Amino acid sequence: MTPRRKRRLPQEAPSPPPLAPDAGEEAEAGSPERLYAVTGLHDGGRAQLDLVTLIVARSAPPPSGTPEQAAVLRLCSAPLSVAELSAYLDLPFSAMTALITELIGADLVQARAPIVRQALPDRTLLEAVMHGLQRL
Amino acid sequence: MDFNASDAVPAIPGPRTEERLPQTAQAAVKIVIVGGFGVGKTTMVGSVSEIRPLTTEETMTQAGIGIDDNYGSETKTATTVAMDFGRISITEKLVLYLFGTPGQERFWFLWNRLFEGALGAVVLVDTRRLDVSFDVMGRLEERGVPFIVAVNSFPDAPRHPVEELRGALDLAPEIPIVECDVRRRASSRDTLLTLMHFLHSLARSGALT
Ligand SMILES: Nc1nc2c(ncn2[C@@H]2O[C@H](COP(=O)(O)OP(=O)(O)OP(=O)(O)O)[C@@H](O)[C@H]2O)c(=O)[nH]1
Ligand SMILES: [Mg+2]
């Protein structure tokens, strides 16, 4: 068992996107290459949606809506996560959040925010997850 | 609520009837399953999920910014980063999602918020290639995401005493290391339970940050 690891320490603030370590392999020397998301992940409106935000339709697809909007509204007649919507509609996550943001703006869907890890974790929540897993 | 789905509409893929969540589903939590290439992430997600495992993607462009580029002449190539996920209903109100995330560190910034919001992580390791999971462990440590280590027992993989593994992985004594056969639902479930017990003990001791 030769490979040995060295543990890392928590960083104070989240670091900016790292440069790809081997991104330069196709680029000429001295021409830095960068990786970034096509549609921008730091857009204010979209930043609120998580992969597991549950989306629920508030109404039937309006006749004026686009086919994509109608597809989302039909899928969300029962709650469905942004990740599942993205998978079923075969849309990248950022495109999916843009579409949902429009629907939230038009009051056609409701978003139910996920529970994220907190400084003071809710032990009742952790216990509920344990009990759910035990039934599996 | 029931918005009569018109039969005239062309069928788009969607959840099967038995895969639909109840209207009472209020909130979701997530756990990430991480590890290097080919360690069994997708298999683990599939073995415990109540839905057929799905894949979500993010697309990035890789832009070459040449020193003497003319405007608009920079070359871009699209890269797609895929992530498998599955789902487990916990209660009428609460849903757990499991994400199997890719091991290449250069792509993780796309999913930073996934890591940060997750309750915790399972790091899968293959004892034949321990080092393929090193990067992801360091990343979780930097971001303060609690994790446990699960050794996916491939038949021809060498077995090591836990304390030897702990040394090689430089893990603190309290971090659980378990064996797992990710192809078996019970084994994957027990691994997730070990993570939950660990998170619970951290919460009790107030050590979670
Ligand atoms: N014998 C054995 N094979 C396994 C086990 N777990 C996974 N495999 C096989 O190993 C291969 C890789 O497993 P995956 O679940 O695809 O691994 P992954 O981590 O998702 O791989 P990437 O997404 O490509 O990084 C598959 O062919 C699995 O069937 C195991 O516990 N025992
Ligand atoms: Mg996989």
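The values are calculated or read from the model by the stated rules, or taken from the named source; none is laboratory data. The shown structure was predicted, so the numbers you read here are calculated from the model rather than taken from an experiment. Please note: Cβ atoms are built from the backbone with ideal geometry, for glycine as well, and neighbour counts cover all protein chains shown.
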* For region B:68-77, does any single residue satisfy the condition of being at pLDDT 95 or above and more than 9 Å from every other protein chain (Cβ to nearest Cβ)? -> no
* Asked: Hey, any hits in region B:139-156 for a residue that's touching a residue at least 12 places away in the same chain (Cβ under 8 Å), farther than 21 Å from residue A:117 by Cβ and out of contact with any strand residue (DSSP E or B) (no Cβ under 6 Å at 6 or more places or on another chain)?
  -> yes
* **Which numbered condition residue B:28 misses (of (1) in contact with a strand residue (DSSP E or B) (Cβ under 7 Å, 6 or more places away or on another chain); (2) within 15 Å of ligand 1 (Cβ to nearest atom))** => (2)
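Within region A:45-136, which helices (runs of 4 or more DSSP H) (wholly inside it) include 2 or more residues that are farther than 23 Å from residue B:29 by Cβ, out of contact with any Phe, Trp or Tyr (no Cβ under 6 Å at 6 or more places or on another chain) and facing chain B (nearest Cβ under 8 Å)? Break it down into steps so the answer makes sense when it comes.
Details: elements: A:67-75, A:82-89, A:93-105, A:123-134.
Result: A:67-75.
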* To do: Answer yes or no: is there a residue in region B:144-160 that is modelled with pLDDT of 95 or more, under 26 Å from residue A:48 (Cβ atoms) and among the aliphatic types (A, V, I, L, M).
  => no
* Structure fact -> Going through region B:182-203 in order, the residues found to be more than 20 Å from the chain's Cα centre (by Cα) and surrounded by 18 or more Cβ atoms within 10 Å (Cβ to Cβ) are B:203
* **Restricting region B:152-181 to residues that are among the acidic types (Asp, Glu) and more than 11 Å from every other protein chain (Cβ to nearest Cβ), the residue that is surrounded by the fewest Cβ atoms within 10 Å (Cβ to Cβ)** => B:156
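Mind checking which residues of region B:17-44 are within 12 Å of chain A (Cβ to nearest Cβ) and either crowded, with 20+ Cβ neighbours inside 10 Å or of a type in the set (S, T, N, Q) (or both)? Walk me through how you get there before you give the answer.
Keep residues of region B:17-44 that are within 12 Å of chain A (Cβ to nearest Cβ), which gives B:17-32, B:36.
Result: B:17, B:21, B:23, B:24, B:25, B:26, B:28, B:29, B:30, B:31, B:32, B:36.
Which residues, counting only those in region A:107-131, are in contact (Cβ under 8 Å) with a residue 40 or more places away in the chain and touching a helix residue (DSSP H, G or I) at 6+ places or on another chain (Cβ under 9 Å)?
Once the filter is applied, which keeps residues that are in contact (Cβ under 8 Å) with a residue 40 or more places away in the chain and touching a helix residue (DSSP H, G or I) at 6+ places or on another chain (Cβ under 9 Å), region A:107-131 yields A:108, A:109, A:110, A:111, A:113, A:114, A:116.
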* Only one of these conditions is not met by residue A:116: (1) buried (at least 19 other Cβ atoms within 10 Å of the Cβ); (2) in contact with a Gly (Cβ under 7 Å, 6 or more places away or on another chain); (3) of a type outside the set (Asp, Glu). Which number is it? -> (1)
* Can you confirm whether region B:83-94 contains a residue that is at pLDDT below 85 and out of contact with any Cys (no Cβ under 7 Å at 6 or more places or on another chain)? => no
* If you check every pair at least six apart or on different chains, which have Cβ atoms under 6 Å apart with a residue in region B:29-42 that is over 17 Å from residue A:83 (Cα atoms) first and a residue that is part of a helix (DSSP H, G or I) second? -> B:34/B:136; B:35/B:41; B:35/B:133; B:36/B:132; B:36/B:133; B:37/B:132
